[in-house]
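Inspection log for the structure reproduced underneath, given as structure tokens.
The values are calculated or read from the model by the stated rules, or taken from the named source; none is laboratory data. Being a predicted model, the structure only gives us computed values, none of them experimental. Heads up, the Cβs are rebuilt from the backbone with ideal geometry, glycines too, and the neighbour counts pull from every protein chain shown.
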Amino acid sequence: MNMKSCTSILLLGLCLLTAHFTYANSDAWSDLTAEQQQKLQAVKNQWQALSAEERLAYIKTSERFNQLSPEQQQRLLNRFQRWQQLPPERKAELRERYKKFQQLSPEEKAELRKRLEAFQQLPEEERQAMREKWQSLSPEQREKLRTRFRNMTPEQRQQARERFIRHRQRR
């Protein structure tokens, strides 16, 4: 590769990098293209308060939005509306949990997803009972329960769930 080609590639890379960071670090709504402003209209009033990371995530999501099926678009819009309604403390907590999840091994992520699917298969009243019980525990009790549950076999977990359900039904 000759020097002119190397220079061209380097300049192109710098331009792309500059554009990326301009979007991510720009505080001004006016720095967005008209199309981006249209797609991101729902967050216009909050744009100044968003972190650079959040702004970039919104930009990337808006660019992918048209490639989604109508069902996926609706699901994304519903999640967005729920997110907008959350208090700042809850958003911060969820961001932390997401960062922790990203640090897990692929096997641990798969196990958590499997557990979530199993939880979602339970009847709503059982899920609600489990949520209420969990919220009533102290942080120390929660950690002790997490550790104990992690060390159980799948059969032991199922037995524990069944005992919990029987206990709730007796109340």
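Against the conditions (1) more than 19 Å from the chain's Cα centre (by Cα); (2) part of a helix (DSSP H, G or I), Y58 satisfies every one except (1). Checked against (1) outside any helix (DSSP H, G or I); (2) surrounded by fewer than 12 Cβ atoms within 10 Å (Cβ to Cβ), R64 passes all but condition (1).
Restricting the first member to segment 46-71 and to residues that are in the same structural domain as W29 (by TED's automatic domain parsing), and the second to residues that are small (G, A, S) and surrounded by 12 or more Cβ atoms within 10 Å (Cβ to Cβ), the beta-carbon pairs closer than 7 Å and six or more apart or on different chains are A52/A24; R55/A24; L56/A24. The helices (runs of 4 or more DSSP H) located wholly in segment 75-151 that include 1 or more residues which are farther than 19 Å from R161 by Cβ and not assigned by TED's automatic domain parsing to the domain that holds R163 occupy 88-102, 106-121. Tally the residues that are among the polar types (S, T, N, Q), at pLDDT 85 or above and over 19 Å from L112 (Cβ atoms), restricting the search to segment 124-171. Looking only at that region, the number is 6. Sort out which residues of segment 68-91 are over 15 Å from A57 (Cβ atoms) and loosely packed, with under 11 Cβ neighbours inside 10 Å, and write them in order of number. Across segment 68-91, the qualifying residues are S69, P70, E71, N78, Q81, R82, Q85, P87, P88, E89.
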